[in-house]
Structure formats: C-alpha cells, structure tokens
Amino acid sequence: MLYVFIPHNAQRQKFYLRIGYFRTMNVTAIAQKLDQAANQAQAIAQISQEYTFSEDQAYEIQRLSMEERYARGEKFVGLKLGFTSFAKMEQMGVHDMIWGRLTNAMWLKHNEEMDMGQFIHPRAEPEIAFLLKKDIDKEISLAEISDYVLACAPAIEIIDSRFSNFKFSLEDVIADNCSSSGFVIGAWQPLPKSLNNLSMSLLFDQEIKEQDTSNAILDNPFLSICNASRLATKYHQPFLKGNILLAGAATPAVFVEKGKKITAKVEGLGSCSLVPK
Ligand code: 0L1
Ligand code: MG
C-alpha cells in the first residue's frame, strides 16, 4: 500500500491518499505458508484471492513447498497426475492434466490406520499405480512402456486441499501440490498387455461409493506414464528407477469417513485398504 502525506496548513492534520495498490508475490513465503498448512492440517485462503499468478509460477511454488518437506527429511518417491479424465479437464476449463510430487511420508501401508487428525478434509480416490524399472529422461511413447515400467498395482490416493472448503483455482491447486496428502499401494503385479476396461471401485466398509472402468483414466491408463514422462521432462523433475506414479482417479473423490474402512478394487489387479481413525 502506498500513501502520500499531504500536510493541511490550517489544522496540521494528516491526509493520506491511497494512490495505488502494489503487491509483489513472494513465492517462497507462499510455498512456506502452504507447507505449514499441510504440516499443521489447517486450511488457508486461496492464494488466487490475493494474487494473480501463472501456471508456471504455481509449479515453482509447488517445487519450493516440496523443498520445505525435503528439508524436514521427507524423500521424493514419485509423481501423481490429476484431472486425468477428459470430462474433468473440460469441467475445469483446462487443456492438460496437472501433476504433483509424492513423498515417503505420504505413503501408507495396506490396512494401515490413517490418522484423521493429520488431514483437513480428506477425500479418497481409486487409482492405478506404476513402478519404474528404469530412469525416465525423455517423453516416452506407449510402445516404450514395457522398457521403463516394471509393475502396476491397485492404489488409493488421499487428496486433502489446503484451501478452505476444498475450493481453488487451477493455479492454487498446482501450487498446493495437487492436493497430495496420502496414498496406499496394493501388491505389485506384472504389467499386463492392456489396462483397459477394468472395473474400478471405491468402497467404504462393504458399500460401493463410486465405480467406473479404468478407461476413465485418459481412455488408457498407460497414457498416464507417457504424460508423466512429458511433464517430468518439461519441469526438470527427475523420475527414476524405483519411483512410482499414481495414474489419476477413475472416479470422483469421496470424503473420507472416520471408522469406515476404505478399499479400492481394480479388476485383475486386486485391492488395497486404509482404515481412517
Ligand atoms: O485426482 C487428483 O488427484 C486431484 C488433483 C487435485 C484436484 C483436487 O484436489 O480435486
Ligand atoms: Mg488422484
């Protein structure tokens, strides 16, 4: 805020004129604020309410917020994609998917208790995970997938926007590491020839909450690997042997309910679960 001091001769009163509103975005401070919100499970206001910023600036904030996690000892373990359904891209008015970074601290074990106190308003999604057997240093094609990917597995992603009421702009959610907060991966399976037309469902206890087929993931879940390789290369994010990829949700995300066991089932690949407490 900039003020101009105008002395008033008669009464020597101060008059201030507001002549402009200048705010420079401090990406490091915003990254730290987002990291703190995630670490303390406290929602914050959308960044876009205060600043206008680009998608590239949003990815830079994401990168810097991950630096805060790495400084606390968390390790990068892989990538996740979001907005991988063409219907969702259209709904969000975007032409491309978004991506985020996963760490070991987000990785929960099959049937592990998920401490609800560590989340703000978590939602669950049924996904497919991939495991790399070779470093990826370029955009790879569908024909190259078996050279780079060792295995796949059923997975649950827990997303937890750091923004109040789970409301955000595209730039907000990218800066917020695409709401990444937790995930579980079931037993790794050899890569089949195709991952199309597999029934995928999300259950709370025995109740099916959401169900669709694997085609909901980019019409072909293998395309998530090609796209992750493209995005990792574009943003200079190492994507290496032993890293994982969460391919994207097959259904809308569902709010987690304390005490209701979450299960994701993928036809032919098996299932995995988490127990929110
Ligand atoms: O599919 C996803 O992992 C969603 C990415 C971020 C958008 C959201 O929080 O809904
Ligand atoms: Mg997801």
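Each reported figure results from applying straightforward, stated rules to the coordinates on display, with no laboratory input. This is a predicted model, so every value here is computed, not measured. Neighbour counts are summed over all protein chains in view; Cβ atoms, including those assigned to glycine, are modelled from backbone coordinates with ideal geometry.
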**Request:** Compute the Cα gyration tensor for segment 133-211, then decide on rounded, prolate or oblate, letting a ≥ b ≥ c be the square roots of its eigenvalues: rounded whenever a/c is under 1.5, prolate when a/b is larger than b/c in the other cases, and oblate in all that remain.
**Result:** oblate
**Radius 13 Å from Cβ of ALA155, net charge of other residues (Lys, Arg +1; Asp, Glu -1)** = 0
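Could you compute the net charge surrounding ILE140? Neighbours are other residues with a C-beta less than 12 Å from the C-beta of ILE140; K and R count +1, D and E count -1.
-2
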**Fill in**
Surpassing 27 Å at the alpha-carbon level, of the pairs LYS33/LYS75; LYS193/LYS258; LYS193/LYS261; LYS75/LYS138; LYS134/LYS277; LYS80/LYS265, are LYS193/LYS258; LYS193/LYS261; LYS134/LYS277
**Message:** Through the Karplus equation 6.51 cos²θ - 1.76 cosθ + 1.60, θ set to phi - 60°, convert the phi angles of segment 129-144 into ³J(HN,Hα) values in whole Hz; use x for Gly and Pro.
**Reply:** 10, 10, 10, 7, 10, 8, 4, 9, 10, 7, 6, 9, 9, 4, 5, 9
**Complete:** Rounded to whole angstrom, the alpha-carbon centroid of segment 97-131 lies from that of segment 207-277 at a distance of 10
**Asked** Using only helices, what value at 222 nm comes out for the chain when you add -39,500 (n - 2.57) per DSSP H run of length 4 or more and divide by the total residues, to the nearest 500 deg cm²/dmol?
**Response** -6500 deg cm²/dmol
**Message:** Using a Förster radius of 35 Å, what is the FRET efficiency between LYS167 and ASP135 based on their Cβ-Cβ separation? Nearest 0.05, please.
**Reply:** 0.40
